[in-house]
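Engineer: Before I ask anything, here is the structure I am working with.
Laboratory data are not the source of any read-out in this text; all were calculated from the coordinates shown. Treat the numbers as computed from the prediction; the structure is a model and nothing was measured. Here the Cβ is made from the backbone with ideal geometry for all residues, glycine too, and neighbour counts use every protein chain on show.
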Amino acid sequence: MKLGIIGAGYVGLTTAICLASMKHKISIFDIDNEKTKCINRKKIPFFEPGLEELLDVNISKKNLHVTNDLNVLVQNTEGCFICVGTPTKNNSIDLSQIKSAIESLVDSIKNSEKRNYAIIIRSTIIPNTTREVLLPIITKKLKEQQCQLFVVPEFLREGNALDDFMNPDKIVIGSVQNKKNTFVDDVFKNFKGKCDFIHTNLESAELIKYTNNSFFSMLISFSNEIANISEKIPNVDPFQVLQALISDKRITTITNNKKIIPGLNSYLIPGCGFGGSCFPKDVKAIQNFADLKNIDTPILNAILAINDERPKKMVSLCEKILGGLKTKKITVLGLTFKPDTDDIRSSPSLDAINLFLDKGSIVSAYDPMFKNQAKTSILPNDCNYCMTIQEALSDSDAALVFTKWPEFKSLDSKFLKQYMKNPVVIDGRGFLDKEKFDDEMYFKIGYSE
């Protein structure tokens, strides 16, 4: 099929590359010339494992190309995915980009005199947005027979996007008439029989995405609340407590005498909190939506409140261990909110850095993702970004690990003693091997005070 993509960000470009890999002919459009130039050079403007190699293959095979003319894109395609950003503004969703994209697309459909052109909303939008905000823009200029409208949310995890797209657990298709056997079914026909196809209305499709992200955010905050309780009980290991929970047969099933460990296992681990471009933004957006409808959301409120406290917990533990933070040299290891991504948006490490600076600490930071300093402009000016872990640890009083990068897994007493003034490490992800460290050298949140 010949398909268009509006928006060459994380969702749009991933969608474009993967659809091209499924033998569709893809035209991608973005108003950001720097992004389109980057794609034409067979480079992606963010990091995602395996994606750049696939971009190269599909451009070379002419399955994917960039255009700066939306009229040409529409003329040469049967449908178009809208994949523009919907950022948070004052805790609510900002629809300016998607409204602009729809208006431009509608004008191009009208100019081309297309019939039954598929408009597929891929951007994350709160319930009622498609019907109450976007549909009126469409119907104002187009007749019913000129287009068909769908909401098809994405469920891509940063660092795992390629696998998530090519091996989905579900394809959600929201439409005005809640139809089956739609245009979108044909787009994703390769997945028939391999995953669930959920046909629903526009509003349900919109809410499914928020429910998905809120649920997994909840698991993380639940784990951290159990860790908070554990801190007040001598000898309790919250990691062991939660591992026992995961062993429950209602979570971990047994098939043919083999345990099937669920994917939610990775969300039931205490730590320094969640970040990134999705969980914080989406929980805040649906919370704000509910607030406008006068709906109480104690669980959503708690998810965010607990998460906001996690960086403070890390800083407080460090302060207690060192007996104060003023003039202490602190090393922050890991800036991205998770490994295998270059995304540092809403990362817990950023909050911790600002808290340390406010307390008069001297802060150095290191992340193996950033081999140049162009990506670290979001850091406060007073934070020293280091190019190597050795430089970051030099003469340090404490090191705090915020990201589960494999490089950090090898940390041990010998390495810390070689560079640090006061070899102390606080494990914010609970993944380092405690046995590799001397007594009074290794700490992690969730243990009794």
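Engineer: With +1 on each Lys and Arg Cβ and -1 on each Asp and Glu Cβ, and nothing else charged, work out how big the dipole of the chain is about its Cα centre, in Debye to the nearest 20. It would help to have the intermediate numbers written out before the result.
Structural biologist: Details: 57 positive and 54 negative charges, 238 e Å.
In total the dipole reaches around 1140 debye.
Engineer: Rounded to the nearest 0.05, what FRET efficiency do residue 180 and residue 23 give with R0 = 25 Å and r taken as the Cβ-Cβ distance? Could you check? Walk me through the numbers before you get to the answer.
Structural biologist: Values: r = 23 Å, r/R0 = 0.94.
Result of the calculation: an efficiency of 0.60.
Engineer: Could you grab the relative contact order for the stretch 279-443? Cα pairs under 8 Å, six or more apart, rounded to a whole percent.
Structural biologist: Numbers: 264 pairs, mean separation 33.0, N = 165.
In percent, rounded to a whole number, it is 20.
Engineer: Please sort 351-360, 8-17, 50-59 by packing, taking for each peptide the average over its residues of neighbouring beta carbons within 10 angstrom, highest first.
Structural biologist: Going from most to least packed, we get 8-17, 351-360, 50-59.
Engineer: Checking a compactness column here: for the chain, what do you get for Rg(Cα) / (2.2 N^0.38 Å), N being the number of residues?
Structural biologist: Values: Rg = 23.9 Å, N = 449, 2.2 N^0.38 = 22.4 Å.
Computed over Cα atoms of the chain, the ratio equals 1.07.
Engineer: Suppose a student asked you for the relative contact order of the stretch 2-203, using Cα pairs under 8 Å spaced at least 6 residues apart; what percent would you report?
Structural biologist: Values: 358 pairs, mean separation 39.2, N = 202.
With pairs under 8 Å counted, the relative contact order is 19 percent.
Engineer: On to the next question. Suppose each label sits 7 Å from its Cα in the direction of the beta carbon; what would the residue 163-residue 382 distance come out to in nanometres?
Structural biologist: Roughly 4.1 nm, to one decimal.
Engineer: Here's a follow-up. Output the pairs from 2/170; 140/293; 259/312; 43/192; 141/194 with a Cα-Cα distance over 29 Å in this structure; if there are none, say none. Show your work: numbers first, answer last.
Structural biologist: Numbers: 2/170 23 Å; 140/293 27 Å; 259/312 37 Å; 43/192 31 Å; 141/194 39 Å.
Checking Cα-Cα distances, 259/312; 43/192; 141/194 exceed 29 Å.
Engineer: Further question on the same structure: In the stretch 275-289, which residues have a backbone nitrogen under 12 Å from the label point lying 7 Å from residue 295's Cα in the Cα-to-Cβ direction?
Structural biologist: What the label zone holds, given the 12 Å backbone N cut-off, is 286-289.
Engineer: Report the extension gain between residue 61 and residue 358 in nm, rounded to one decimal, defined as 0.36 nm multiplied by the number of residues separating them, less their alpha carbon distance.
Structural biologist: Values: separation 297, 0.36 × 297 = 106.92 nm, distance 5.33 nm.
Full extension of this stretch gives 101.6 nm more.
Engineer: For residue 225, what charge total do you get from the other residues with a beta carbon under 15 Å from its beta carbon, if Lys and Arg give +1 and Asp and Glu give -1?
Structural biologist: Values: positive: 232, 310, 312, 313; negative: 231, 308, 309.
Local charge sum for residue 225: +1.
Engineer: Counting alpha carbon pairs within less than 8 Å and at least 6 residues apart, what relative contact order, in whole percent, applies to the chain?
Structural biologist: Details: 839 pairs, mean separation 53.5, N = 449.
Relative CO of the chain lands at 12 percent.
Engineer: A follow-up question, please. Calculate the FRET efficiency for residue 316 and residue 196 from the Cβ-Cβ distance with a Förster distance of 35 Å, rounded to the nearest 0.05.
Structural biologist: The pair residue 316/residue 196 has a calculated efficiency of 0.20.
Engineer: Also: Only counting other Cβ atoms within 10 Å, I'd like 434, 313 sorted with the fewest neighbours first. Spell out each step's value before the answer.
Structural biologist: Numbers: 434 11, 313 24.
Fewest-to-most ranking of 434, 313: 434, 313.
Engineer: Additional query: For a protection proxy built on the mean count of beta-carbon atoms within 10 angstrom, sort 166-172, 126-132 highest first, please.
Structural biologist: Working: 166-172: 15.7, 126-132: 19.1.
The most tightly packed comes first, giving 126-132, 166-172.
Engineer: Quick one: in the stretch 279-443, what % of C-alpha pairs are over 22 Å apart? Display every interim value, and only then the final one.
Structural biologist: Numbers: 5936 of 13530 pairs.
For the stretch 279-443, the share of Cα pairs beyond 22 Å comes to 44 percent.
Engineer: Distance from a point 7 Å along Cα→Cβ of residue 144 to each backbone N in the stretch 163-186: keep the residues under 14 Å and list them by number.
Structural biologist: Inside the label zone: 176-178.
Engineer: With angles folded into 0 to 90 degrees, how steeply does helix 348-358 sit against the dominant principal axis of the chain? Use alpha carbons for both and round to 10.
Structural biologist: The helix 348-358 is inclined about 50 degrees to the chain.
Engineer: Under a Cβ-Cβ cut-off of 10 Å, what is the net charge of the residues other than residue 164 that fall near it, where Lys and Arg count +1 and Asp and Glu count -1?
Structural biologist: Values: positive: 157; negative: 154, 158, 163, 169.
Residues close to residue 164 contribute a combined charge of -3.
Engineer: Which of the aspartates and glutamates could be linked to residue 23 by a straight reach, that is with a Cα gap under 14 Å, when you skip same-chain ones fewer than 8 residues away?
Structural biologist: 186
Engineer: Moving to a separate point now. As a footprinting exposure proxy, order 260, 109, 251 by other Cβ within 10 Å, with the fewest listed first. Kindly include the intermediate steps, with their values, before the conclusion.
Structural biologist: Values: 260 10, 109 23, 251 14.
Ascending Cβ contact count within 10 Å gives the list 260, 251, 109.
Engineer: Please grab the % of Cα pairs in the stretch 119-191 that end up more than 22 Å from each other.
Structural biologist: Percentage above 22 Å: 30.
Engineer: Next question, about the same structure. Just to confirm the number: angle between the C-alpha axis of helix 202-230 and the first principal axis of the chain, 0 to 90 degrees, nearest 10?
Structural biologist: Between the helix axis and the principal axis of the chain, the angle is about 10 degrees.
Engineer: If you don't mind, another one. Report the net charge of residues surrounding residue 61, where surrounding means a beta-carbon distance below 11 angstrom and charges are Lys +1, Arg +1, Asp -1, Glu -1. Could you put the intermediate results ahead of the total?
Structural biologist: Working: positive: 23, 25, 62; negative: 56.
Summing Lys/Arg as +1 and Asp/Glu as -1 gives +2.
Engineer: Using 0.36 nm times the number of residues separating residue 415 and residue 40, minus their current alpha carbon distance, what extension gain do you get?
Structural biologist: Values: separation 375, 0.36 × 375 = 135.00 nm, distance 4.33 nm.
Contour length minus the Cα-Cα distance gives 130.7 nm.
Engineer: Angle check, please: helix 51-60 long axis (alpha carbons) against the longest principal axis of the chain (alpha carbons), in degrees 0 to 90, nearest 10.
Structural biologist: Helix 51-60 sits roughly 30 degrees off the main axis of the chain.
Engineer: Quick one: length gained pulling residue 438 to residue 212 fully straight, 0.36 nm per residue minus the C-alpha distance? Intermediate results must be reported in sequence, preceding the final value.
Structural biologist: Working: separation 226, 0.36 × 226 = 81.36 nm, distance 4.13 nm.
That pair, residue 438 and residue 212, stretches by 77.2 nm at full extension.
Engineer: Follow-up question, since we're still on this one. Test of understanding: ordering 344, 321 by Cβ neighbours within 10 Å, fewest first, what list do you get?
Structural biologist: On the way: 344 23, 321 14.
So the ranking, lowest neighbour count to highest, is 321, 344.
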